[in-house]
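The values are calculated or read from the model by the stated rules, or taken from the named source; none is laboratory data. Not measured: the values here are computed from a predicted model. Cβ coordinates were reconstructed from backbone atoms using ideal geometry, including for glycine residues, and neighbour counts include every protein chain displayed. Just the protein is used for accessible areas: all its heavy atoms, side chains included, with ligands, DNA and RNA removed. Shrake-Rupley method; radii C 1.70, N 1.55, O 1.52, S 1.80 Å.
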Amino acid sequence: QVQLVESGGGLVQAGGSLTLSCAASGPMFLPYTYAMGWFRQAPGKEREFVATIQWRGTGLYYSDSVRGRFTLTRDNYKNMVYLQMTSLKPEDTAVYYCATERSPASSDWYKRAEFYDYWGQGTQVTVSA
């Protein structure tokens, strides 16, 4: 299967910045990946979509809550994606998960966790007030 490892989480004050990285590996990564993205889950909350990017296309999607503050980029050569987070808010506190999606099947595929195939273990982001 595809292996995903997130890194870069930590503690930051409100208004600060943090960059998360996700490294993908495994022989099935390229043939199985249409897009890579990020979800997050706070304690007691449902997992929510953050951002995702098409691996070979130009599609880039952000949730309304992070648009304008977060920037998702990819490095196809290194098989990595990055989530640059700025103007962080306490409500951004969550475990952030990297995931890959193989085959979209609806117009809103990018924000639905059930369409993603492989997941990392997550990295904790804590934003203090």
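See the values below:
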item	result
In the range 91-113, residue farthest from residue 8 (Cα to Cα) [restricted to those that are among the aromatic types (Phe, Trp, Tyr) and open to solvent by 30 Å² or more (accessible area, probe 1.4 Å)]	110
Tally, over the range 1-56, of residues that are buried (at least 20 other Cβ atoms within 10 Å of the Cβ), among the charged types (D, E, K, R) and in contact with a Phe, Trp or Tyr (Cβ under 6 Å, 6 or more places away or on another chain)	1
Counted residues, the range 73-90 - those being within 16 Å of residue 4 (Cα to Cα) and open to solvent by less than 30 Å² (accessible area, probe 1.4 Å)	2
Count of the range 49-64 residues which are assigned to a strand (DSSP E or B) and in contact (Cβ under 8 Å) with a residue 40 or more places away in the chain	4
Residue within the range 38-61 that is touching a Cys at 6+ places or on another chain (Cβ under 7 Å) and closer than 16 Å to residue 3 by Cβ present	no
Residue match in the range 114-128 (condition: open to solvent by 60 Å² or more (accessible area, probe 1.4 Å), over 12 Å from residue 4 (Cβ atoms), touching a residue at least 12 places away in the same chain (Cβ under 8 Å) and over 15 Å from the mean Cα position of the chain (by Cα))	no
